[in-house]
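Below is one structure, written out as structure tokens; the observations come after it.
The values are calculated or read from the model by the stated rules, or taken from the named source; none is laboratory data. All figures in this text were calculated on a predicted structure; none of them were measured in a lab. Cβ coordinates were reconstructed from backbone atoms using ideal geometry, including for glycine residues, and neighbour counts include every protein chain displayed. Calculation scope for accessible area: heavy atoms of the full protein, side chains included, ligands and nucleic acids excluded. Shrake-Rupley method; radii C 1.70, N 1.55, O 1.52, S 1.80 Å.
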Amino acid sequence: MKAFLILEDGTVFTGTSIGSTRDMISEIVFNTSMTGYLEVLTDPSYAGQAVVMTYPLIGNYGITPDMESLKAWPDGYIVRELSRMPSNFRCEGTIQEFLKKYDIPGIAGVDTRALTKILREKGTMNGMITTNENYDLDEVISKLKNYKVEGVVSKVTCAEKYVLEGTGKKVALLDLGAKKNIAKSLNDRGCEVTVYPADTTADEIIASNPDGIMLSNGPGDPAECTSIIKEIKKLYETDIPIFAICLGHQLMALATGGTTYKLKYGHRGGNHPVKDLQTGRVYISSQNHGYVVDEDKIDPNVAVPAFKNVNDGTNEGLAYVGKNIFTVQFHPEACPGPQDSGYLFDRFLEMMGGEK
């Protein structure tokens with residue numbers, strides 16, 4: 001069946017329908033990872049977005065047990081070539097079946113590199129995937145220009161708190177759309193991890209007397225999360241060690257007087273270089289975000305830059321002055337991706353008074 005990808009600038013790509021055949025409108029973003037398409041599909045940070053995979057062949061090892069959450073989150077999926085006969089000893093099905101199971105529309109046969117070039121030159125824009133050959137372009141473009149990504153954190157967070165048992169330090173993990181490997185990275189280091197829904201009050205977390213607090217990754221515009229920001233401000237005012245990733249990093253900055261802004265086309269992939277400003281060492285990181293903290297508007301009495309993106313110079317982490325708090329924009333749990341920055345979990349353990 002034919003499918004069409006229509007961008008809000010009027011560009012139309014024609015391909016083949018994969019997954020669900022319903023119409024879909026979403027923000028179109030691209031990911032440059034060469035592997036790990038299943039982890040991308042199950043990363044809650046993609047809620048409210050349709051993902052273009054720049055690597056030309058997707059699905060060649062099928063669907064394996066490597067899910068980063070309980071379901072798929074992107075609104076749509078766009079690939080150059082979809083492997084319909086995957087080969088891997090762990091394979092449990094095909095991408096086509098997976099997309100249908102989670103009602104995700106997709107399109108294959110698209111020149112994803114040409115599409116990515118458009119998104120890089122013009123910036124992230126909204127788009128529609130449709131199988132309707134009689135679409136009205138003017139009507140579609142009007143709908144695309146009115147679309148906004150809203151309320152996605154509440155969709156991706158856990159419904160109720162749960163505990164991963166451990167014999168070491170007690171960590172409270174605020175689930176803003178957490179990839180499961182964040183909790184696992186702490187649990188593997190012996191930590192008892194209690195995962196809390198995003199709307200949990202600071203008072204409840206503080207009352208549990210944790211040794212440390214983890215703020216997770218998540219989707220959407222950080223400035224929209226006003227009630228969560230108020231609670232994070234209360235967490236900041238305690239002396240409890242805090243480690244934050246991605247959206248958590250942005251929300252901590254907003255809670256302490258900082259600002260964020262939207263990047264032209266974001267950072268999404270498994271090969272982004274970041275520089276540790278303390279040591280001068282560069283690490284290769286996994287990233288997935290469309291917003292960044294405005295480094296120029298951070299009060300140096302509150303926080304100082306700790307990491308910088310080597311490609312574009314944007315902020316990739318903050319160290320908070322006089323506090324046991326550090327935050328990073330990238331993913332040290334890196335699943336899939338490089339393990340270079342996994343040491344940050346060890347640093348968090350040391351902040352809590354534990355051992356590596």
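How much accessible area per residue does the chain have, counting only protein heavy atoms and a probe of 1.4 Å, in square angstrom?
In whole numbers, the chain has 42 Å² accessible per residue.
Using only helices, what value at 222 nm comes out for the chain when you add -39,500 (n - 2.57) per DSSP H run of length 4 or more and divide by the total residues, to the nearest 500 deg cm²/dmol?
Computed ellipticity for the chain at 222 nm equals -6000 deg cm²/dmol.
Got a number for carbon plus sulfur as a percent of the stretch 1-153's accessible area, 1.4 Å probe?
The C+S portion of the solvent-accessible surface of the stretch 1-153 is 47 percent.
How high is the relative contact order of the chain, in percent, with contacts defined as C-alpha pairs under 8 Å that are six or more residues apart?
15
Considering the chain as a Gaussian network with a 10 Å cut-off on Cα pairs, which listed residue, ASP221, ASP296, ASP66, attains the greatest mean-square fluctuation?
ASP296
Compare THR112, THR279, THR124 in a GNM of the chain, Cα atoms joined below 10 Å, and give the one with the largest fluctuation.
THR279
Kindly report, to the nearest 10 Å², the accessible surface of ARG189 as traced by a 1.4 Å probe over protein heavy atoms only.
Accessible area of ARG189: about 90 Å².
Do any GluC sites (Glu not before Pro) in the stretch 1-109 lie in a DSSP loop with no more than 15 other beta carbon atoms within 10 Å, and if so, which?
Details: sites: GLU8, GLU27, GLU39, GLU68, GLU81, GLU92, GLU97; in loops: GLU8, GLU68, GLU92.
Answer by residue number: GLU92.
Give the carbon-plus-sulfur fraction of the accessible surface of the stretch 222-356 in %, rounded to a whole number; probe 1.4 Å, heavy atoms of protein chains only.
Of all accessible area on the stretch 222-356, carbon and sulfur atoms account for 49 percent.
Have a look at TYR265, TYR162, TYR55 and tell me which one the Gaussian network model of the chain (Cα, springs below 10 Å) gives the largest fluctuation.
Its mean-square fluctuation being the largest, the pick is TYR162.
Quick one: of LYS169/LYS233; LYS122/LYS230; LYS143/LYS233; LYS233/LYS308, which pairs are farther than 29 Å apart, Cα to Cα?
Exceeds cut-off: LYS122/LYS230; LYS143/LYS233.
What does DSSP give for the chain in terms of the percent of beta bridges that are antiparallel, rounded to the nearest 5? Working shown, then result.
On the way: 43 of 73 bridges.
Antiparallel bridges make up about 60 percent of those DSSP assigns within the chain.
Would you list TYR135, TYR236 from the most to the least accessible area, probe 1.4 Å?
Solvent-accessible surface, decreasing: TYR135, TYR236.
Let me know the shape class of the stretch 1-115, please: from the alpha-carbon gyration tensor, a ≥ b ≥ c as square roots of the eigenvalues, rounded when a/c is under 1.5, otherwise prolate if a/b is greater than b/c, or oblate.
Details: a/c = 1.60, a/b = 1.42, b/c = 1.13.
Since a/c reaches 1.5 and a/b is larger than b/c, the shape of the stretch 1-115 is classed as prolate.
Could you please state, rounded to a whole Å, how far the C-alpha centre of the stretch 102-119 is from the C-alpha centre of the stretch 250-268?
Spelled out, the Cα-based centre of one part sits 27 Å from the other.
Starting from the Cα gyration tensor of the stretch 209-272, take the square roots of the eigenvalues, sort them a ≥ b ≥ c, and report rounded, prolate or oblate (rounded when a/c is under 1.5, otherwise prolate if a/b is larger than b/c, else oblate).
Judged from the Cα gyration tensor, the stretch 209-272 comes out oblate (a/c at least 1.5, b/c at or above a/b).
Ratio of the chain's C-alpha Rg to 2.2 N^0.38 Å, to two decimals?
Normalised by 2.2 N^0.38 Å, the Cα Rg of the chain equals 0.98.
Restricting the count to DSSP beta bridges whose residues both fall in the stretch 96-205, what percent are antiparallel, rounded to a multiple of 5?
Given both bridge residues lie in the stretch 96-205, the antiparallel proportion sits at roughly 35 percent.
List the residue ranges in the chain for DSSP H helices whose C-alpha atoms run 18 angstrom or more along the long axis and whose Kyte-Doolittle average is 1.0 or above.
none
Rg (Å, one decimal) plus Dmax (Å, integer) for the alpha carbons of the stretch 99-160?
In order Rg, Dmax, the Cα atoms of the stretch 99-160 give 15.1, 44 Å.
Please say if the stretch 162-228 is rounded, prolate or oblate, where rounded means a/c under 1.5 for a ≥ b ≥ c the square roots of the C-alpha gyration tensor eigenvalues, and otherwise the choice is prolate for a/b larger than b/c and oblate otherwise?
Oblate, because a/c is 1.5 or more while a/b does not exceed b/c.
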